[in-house]
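The values are calculated or read from the model by the stated rules, or taken from the named source; none is laboratory data. Here the structure is a predicted model, which means the values were calculated and not measured. Note: ideal-geometry Cβ built from the backbone for every residue, glycine included; neighbour counts use all protein chains shown.
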Amino acid sequence: MRYQITGKQIDIGAALQSHVKAELGTVVEKYAQRPTDAVVIFSKSAGEFVCEATVHLSTGLTAQAKAKAHEIYAAFDKCTEKMDKQLRRYKRRLKDHHRVREQRVELSPASSYILAANGDAEESEPETLQPIIIAEMEAKIPLISVGEAVMQMELAGAPALVFRNEGNNGINVIYRREDGNIGWVDPNNVK
């Protein structure tokens, strides 16, 4: 497994890097046969260390976890515990997904934008309805089943996921509802 271990405005020592490789490798290999790479980013926020870990699995799925603590090793350990819990919860499905799927998940390229928020929307009317684009990034839209999409959203800890449905090849969206359930938008299934 390839590791990319970085710090945002903090130095990451060799001891922490070897600790990350050993611990994260043990957790991930316990549940996923062939993880491809892991990205671990350490940062500091309001006196606490923040650890964000993203692991890309050979099936095309991604697992993410994030944790905070007053010490950097504790932040990483909490992050690893969250990753372990997520992967343990989906272990059977991850293994079944790997057995059923002959090839990696097909990913379609897309553009992703970050739009400026209108902070003073109540005080003044906007001059135009065109939003201001702050950043543009590349995104990947997976071709997966609805069940796999729910699993991917849970593994990534995301509030929503856009995907192409294997059943009809259409663009679909799943999202976490306020009541805790999962919502699913399928424009191709209109009657």
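Key figures for this structure:
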{"item": "The lone exception for residue 155 - which of (1) modelled with pLDDT of 85 or more; (2) part of a helix (DSSP H, G or I) it fails", "result": "(1)"}
{"item": "Qualifying positions in the range 30-81 - under 14 Å from residue 10 (Cα atoms), among the aromatic types (Phe, Trp, Tyr) and either within 12 Å of the chain's Cα centre (by Cα) or outside any strand (DSSP E or B) (or both)", "result": "73"}
{"item": "Filtered residues of the range 145-185 (kept if farther than 25 Å from residue 79 by Cα and either assigned by TED's automatic domain parsing to the domain that holds residue 64 or among the aromatic types (Phe, Trp, Tyr) (or both))", "result": "163, 184"}
{"item": "Residue that is surrounded by 12 or more Cβ atoms within 10 Å (Cβ to Cβ) and either modelled with pLDDT under 85 or in a strand (DSSP E or B) (or both), where the choices are 94, 129", "result": "94"}
{"item": "The range 132-149, residues that are aliphatic (A, V, I, L, M), touching a strand residue (DSSP E or B) at 6+ places or on another chain (Cβ under 6 Å) and surrounded by 10 or more Cβ atoms within 10 Å (Cβ to Cβ)", "result": "133, 134, 139, 141, 143, 144, 149"}
{"item": "Identity of the residue in the range 77-91, surrounded by fewer than 17 Cβ atoms within 10 Å (Cβ to Cβ) and either under 14 Å from residue 29 (Cα atoms) or of a type in the set (Asp, Glu) (or both), that ends up modelled with the lowest pLDDT", "result": "91"}
{"item": "Filter result (touching a residue at least 24 places away in the same chain (Cβ under 8 Å) and either in contact with a Gly (Cβ under 8 Å, 6 or more places away or on another chain) or of a type in the set (Val, Ile, Thr) (or both)) within the range 163-185", "result": "164, 171, 174, 182"}
